[in-house]
Amino acid sequence: MILKIRQTGDLVLRRPARSLTPAEILSAPVANLIAVMRDTMRDAPGVGLAAPQVGLGVQLAVIEDTAEYISRLPPGQAAERRREPVPFHVIVNPVLTVEDADELHFFEGCLSVAGFTAVVPRALAVRVDCLNERAEPVTIRAQGWYARILQHEIDHLHARLYIDRMDPRSFMTLDAFNRHWKDLSTADFLRVLDAPPENAEPAHE
Ligand code: ZN
């Protein structure tokens, strides 16, 4: 079963999610929720999906990044983004701690802001203390793109969207992104954005 993904403007995305008890995590409805969220994320496709995005205000998210998705990036961008495959897993009641506050700036999207993308600063490295789908405590240490995914998904559980954190000047349709900026590094895009107009465009004599 594939669930409908709620879009920005839906209040469920702007309400903090509640934590789940161990008994709830081990219950059949939550096991079923995890299975349909996994299928919905893969169908989209996306690398993460938080329960509020399918209309449920509980602190649960699924995450998966694959070698296949990464292989579709333009040359050099996987390394620039420090993006590596992450096996499917579930985070419940996560607590995020920034371990390296250096910010990386990259284009990011969200299945709940469909059709758009923007540059979002994210901390380089984080630790996440959470429960897994068996209600066991887990500590995750992540950096690079995986750290970005965790920050994005955990933001959803606290009613935040990337548009709250983005550089608003970089907000654009995916169509415009694919047309103009897809093959450029984000650093080069930001240099163009920040350049004085006479340097940003060809001279007209
Ligand atoms: Zn999202």
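The values are calculated or read from the model by the stated rules, or taken from the named source; none is laboratory data. What you see is a predicted model, and the numbers here were worked out from it, not measured in a lab. Quick reminder, even Gly has a Cβ in these numbers, built from the backbone with ideal geometry, and neighbours come from all protein chains shown. Each accessible area value is taken on the protein alone, full model and side chains, heavy atoms only, with ligands, DNA and RNA left out. Shrake-Rupley method; radii C 1.70, N 1.55, O 1.52, S 1.80 Å.
Residues of segment 158-169 being within 15 Å of the chain's Cα centre (by Cα) and within 13 Å of His105 (Cβ to Cβ), which ones? Listed by number, the residues that qualify are Tyr162, Arg165, Met166.
Filter segment 10-42 down to the residues that are within 14 Å of the ligand (Cβ to nearest atom) and polar (S, T, N, Q) and list them by number. It would help to see each step written out before you state the result.
As a first pass, look at segment 10-42 and keep what is within 14 Å of the ligand (Cβ to nearest atom): 10, 12-14, 17, 37, 40-41.
Of everything in segment 10-42, just one residue is within 14 Å of the ligand (Cβ to nearest atom) and polar (S, T, N, Q), namely Thr40.
For segment 170-195, filtering for residues that are farther than 15 Å from Phe106 by Cβ and open to solvent by 80 Å² or more (accessible area, probe 1.4 Å) leaves 5.
What do you reckon, is Pro137 closer than 18 Å to Arg18 by Cα and open to solvent by 20 Å² or more (accessible area, probe 1.4 Å)? Break it down into steps so the answer makes sense when it comes.
Values: closer than 18 Å to Arg18 by Cα: yes; open to solvent by 20 Å² or more (accessible area, probe 1.4 Å): yes.
It is true that Pro137 is closer than 18 Å to Arg18 by Cα and open to solvent by 20 Å² or more (accessible area, probe 1.4 Å).
Counting only strands (runs of 3 or more DSSP E) that sit completely within segment 43-119, those holding 2 or more residues that are under 14 Å from the mean Cα position of the chain (by Cα), within 12 Å of the ligand (Cβ to nearest atom) and surrounded by 15 or more Cβ atoms within 10 Å (Cβ to Cβ) correspond to 48-50, 60-65. Entry remark, segment 152-169: residues being open to solvent by less than 20 Å² (accessible area, probe 1.4 Å) and not hydrophobic (A, V, I, L, M, F, W, C) number 5 in total.
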